[in-house]
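Novice: Dumping the structure here so I can ask a few things about it.
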Amino acid sequence: MSQFDTLAQAIAQVGNVWPGKTNVFQDMNGVETEYTFPQIERDTATRAAALQALGLKKGDRIGLIIIEPEDFVLSFYAAIRIGVVPVPMYPPLSFGSLDAYADRTARVLTACGAKALIASTRLKNILFSQVDKVPSIERFVAAEDLGQATGEPVYPEITEDDICFLQYTSGSTSDPKGVIVTHKSLVANCRGIIQDGLELSPEKNDKGISWLPLYHDMGLIGFVIAPYIHGIPTVYIPTVRFIRRPSAWLDAIHRHRGTVTFAPNFAYALAMKRVKKSQMEEWDLSCLKICGCGAEPIQGETMRAFTKLFNENCDLPLTSVLPAYGMAEATLAMSFKPINDEFKTNFVDADTFENDKSVALPEEGKTFIEHVSCGRPFPGHRVVAMDTSDNILPEGQEGELCFSGPSVTSGYWENPEATAKAFRNGWLHTGDLGYIHEGEVYVTGRLKDLIILNGRNLHPQSIEWEVAEIQGVRRGNVVAFSRPGGRSEELVVALETRAQDLDNLKAAVRARLQKEMGLTVAEIVALTPGTLPKTSSGKLQRAKARQQYLNDSLGKEGARTVGANAGRVTLARHVARSLWSRAKAAVRN
């Protein structure tokens, strides 16, 4: 296995160790381009020389907004090799939300002090205006042009304590913050993922298959960096290609004999919904050792159904589903289910858990809650539950999950207040609720999202999952939160639907929550698809949804699907701004 001290060292040398291994990049039509590991070293050297020719040096920050996986990976690695700190950012998701996107992008670029913006050529007419908005930016560079450079780069000394890149959090509960990922924490976490957690190696012919967004930590660290520095080849599918055609994911696993893949809970539900019986008859998924699940709450029923469907039809191993727990502040991963075990859940008495925050077996006929085990922490790392006074709680007692070990990052970029709050006394305070049971980690919710109704502590996921089972409700598009009431907090449920009969749908929601959970809903807000606020990685933003509800703007502000005319007008405005910025830049130069 690889023993590199830094990612820069790995990029330079892994091709010498594994010259025959290749990474494969698909385009939107499924056409594949292969890069051997030695070719990646040569291409990234060329791009590194291009970055240095622009005047960029070790320690400078650059924004990366690149659509194509091939250009993203090669440009990201090029920056790493010369100590330039990349800041991966997501591309615009729709024309209608360009205003909000441009504002957030400018805030991130300003906060990190980016010296240049490297972006896809086709985004130039939208993003060039950032050169005027962000004082530190000196130039806009097309990612494709970096590969045309000549000359050789001059490599600075890069140590394990140097910053590798900044990972801006997705902002599901707060404003985005730049997590400082050093080479040291990155290498430690990658070792935990590949060696200790997944037990992968190139000698076993392991291969990754991923459609995950590369600007997000699970896609970037989990399937770009960690496999590469350990000699594991990977196939990259464009994220949009998967969303449009989920079968492309499973088809790639079958054709390339993939052994490991990861996805959020929603992707497994989507695959079951969209994949046809005739397609399953063509696939052999017996090669797939690991179907990892993380990045959002994991629903036991979804994972059981996925395992059963693809085991019976495609020989998917029963042990392949692997729930995981992680976050950007931990570099990425914190705990994995043991690879040879079937995934397991814990059924606990609902009343005891909601009132006493403790785990107890449910009595026959009593309401229960199901929690999914996310396995055990990596060697040299710990996950514990703490109370509000930072005391470690006994097993079976819910509290804030806290993490320690070499994978913990060094804090947030130029944000000492947020750093002091989250990183204290040797522990990363995650903001997640959960408990430890028989040495395994169970995540139950977010601390800030907890709903307290008449003394009951309710996790919104349990409410949302019940509502999602109702016909007409879009799965993965339900948010539960509380609002101030006359005597106490009251429950509000917001959901997306295409149903026409909203009265019957709302009645069904009220009836199910009353029957299954003994809850009375104060208000049900039915929204058109695409209007619940989400992060760039697709996580629901409950706090933002609640704030929009209280401001009477829920479903109206920053919708992701808008009228065609509105989208064209917004696009035209941003193109005009970018053309004006380009004209001014041409005059200056």
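Novice: Kindly indicate which of Ser286, Ser278 is over 26 Å from the mean Cα position of the chain (by Cα), over 30 Å from Gln541 (Cα atoms) and free of Cβ contacts under 8 Å to residues at least 24 places away in the same chain. Write out each step before concluding.
Specialist: Details: Ser286 fails: free of Cβ contacts under 8 Å to residues at least 24 places away in the same chain.
Answer to the selection: Ser278.
Novice: Considering only segment 366-382, state which residues are in a loop (DSSP other than H, G, I, E, B) and either within 17 Å of Glu395 (Cα to Cα) or not polar (S, T, N, Q) (or both). First the steps, then the outcome.
Specialist: In the first step, residues of segment 366-382 are kept if they are in a loop (DSSP other than H, G, I, E, B); the result is 366-367, 374-375, 378-381.
Hits for segment 366-382 are Lys366, Cys374, Gly375, Phe378, Pro379, Gly380, His381.
Novice: If you scan segment 366-383, which residues turn out to be over 23 Å from the mean Cα position of the chain (by Cα) and open to solvent by less than 40 Å² (accessible area, probe 1.4 Å)? I'd like the intermediate steps shown before the answer.
Specialist: So in segment 366-383, the residues over 23 Å from the mean Cα position of the chain (by Cα) come out as 366-370, 379-380.
Of everything in segment 366-383, just one residue is over 23 Å from the mean Cα position of the chain (by Cα) and open to solvent by less than 40 Å² (accessible area, probe 1.4 Å), namely Ile369.
Novice: Next question. Just give me the residues in segment 112-136 being within 14 Å of Val87 (Cα to Cα) and crowded, with 21+ Cβ neighbours inside 10 Å, in sequence order.
Specialist: Cys112, Ala114, Lys115, Ala116, Leu117, Ile118, Ala119, listed by residue number.
Novice: Which one of the conditions (1) of a type outside the set (A, V, I, L, M); (2) within 22 Å of Thr302 (Cβ to Cβ); (3) crowded, with 18+ Cβ neighbours inside 10 Å does Arg546 fail to meet, given that it meets all the rest?
Specialist: Among (1) of a type outside the set (A, V, I, L, M); (2) within 22 Å of Thr302 (Cβ to Cβ); (3) crowded, with 18+ Cβ neighbours inside 10 Å, Arg546 violates only (2).
Novice: Among the candidates Phe306, Phe223, single out the residue that is within 18 Å of the chain's Cα centre (by Cα), at pLDDT 95 or above and not hydroxyl-bearing (Ser, Thr, Tyr). Before the answer, list the steps.
Specialist: On the way: Phe306 fails: within 18 Å of the chain's Cα centre (by Cα).
Step by step, each of Phe306, Phe223 is checked, and only Phe223 is within 18 Å of the chain's Cα centre (by Cα), at pLDDT 95 or above and not hydroxyl-bearing (Ser, Thr, Tyr).
Novice: Please go through segment 45-87 and give me each residue that is assigned to a loop (DSSP other than H, G, I, E, B) and touching a Gly at 6+ places or on another chain (Cβ under 6 Å), ordered by number. Reasoning before the result, please.
Specialist: Of segment 45-87, the ones assigned to a loop (DSSP other than H, G, I, E, B) are 54-60, 66-68, 82-84.
The answer is Lys58, and nothing else.
Novice: Being in a strand (DSSP E or B) and either open to solvent by 40 Å² or more (accessible area, probe 1.4 Å) or within 30 Å of Trp413 (Cβ to Cβ) (or both) is the filter here; which residues of segment 319-365 pass it?
Specialist: Correct list: Ala324, Tyr325, Gly326, Ala333, Met334, Ser335, Phe336, Phe347.
Novice: Would you be able to tell me the number of residues in segment 290-313 that are acidic (Asp, Glu) and either part of a loop (DSSP other than H, G, I, E, B) or within 20 Å of Asn477 (Cα to Cα) (or both)?
Specialist: Our first condition is that a residue be acidic (Asp, Glu); within segment 290-313, this holds for 296, 301, 312.
Okay, now just the ones that are also either part of a loop (DSSP other than H, G, I, E, B) or within 20 Å of Asn477 (Cα to Cα) (or both), so 296, 301.
Selection size over segment 290-313: 2.
Novice: Going through segment 228-256 one residue at a time, which ones are more than 14 Å from Ala267 (Cα to Cα), assigned to a helix (DSSP H, G or I) and either open to solvent by less than 10 Å² (accessible area, probe 1.4 Å) or among the aliphatic types (A, V, I, L, M) (or both)?
Specialist: Scanning segment 228-256 gives Tyr228, Ile229, Ala252, Ile253.
Novice: Show the residue pairs meeting these rules: Cβ distance below 8 Å; 6+ apart or different chains; first residue within segment 11-29 and closer than 11 Å to Ile40 by Cα and open to solvent by less than 10 Å² (accessible area, probe 1.4 Å); second residue assigned to a helix (DSSP H, G or I) and among the aliphatic types (A, V, I, L, M).
Specialist: Within 8 Å, the pairs are Ile11/Ile40; Ile11/Ile80; Val14/Ile229; Gly15/Ile40; Asn23/Ile40; Asn23/Val73.
Novice: Where in segment 95-134 are there helices (runs of 4 or more DSSP H), lying wholly inside it, with at least 3 residues that are out of contact with any strand residue (DSSP E or B) (no Cβ under 7 Å at 6 or more places or on another chain) and among the small types (Gly, Ala, Ser)?
Specialist: On the way: elements: 98-112, 124-127, 130-133.
So the answer is 98-112.
Novice: Additional query: Which numbered condition trips up Leu7, out of (1) closer than 12 Å to Ile229 by Cα; (2) open to solvent by 60 Å² or more (accessible area, probe 1.4 Å)?
Specialist: Of (1) closer than 12 Å to Ile229 by Cα; (2) open to solvent by 60 Å² or more (accessible area, probe 1.4 Å), only one is false for Leu7: (2).
The values are calculated or read from the model by the stated rules, or taken from the named source; none is laboratory data. This structure is a prediction, so every number in the text was calculated from the model and none was measured. Cβ coordinates were reconstructed from backbone atoms using ideal geometry, including for glycine residues, and neighbour counts include every protein chain displayed. Only protein heavy atoms, including side chains, enter the accessible area calculation; ligands, DNA and RNA are left aside. Shrake-Rupley method; radii C 1.70, N 1.55, O 1.52, S 1.80 Å.
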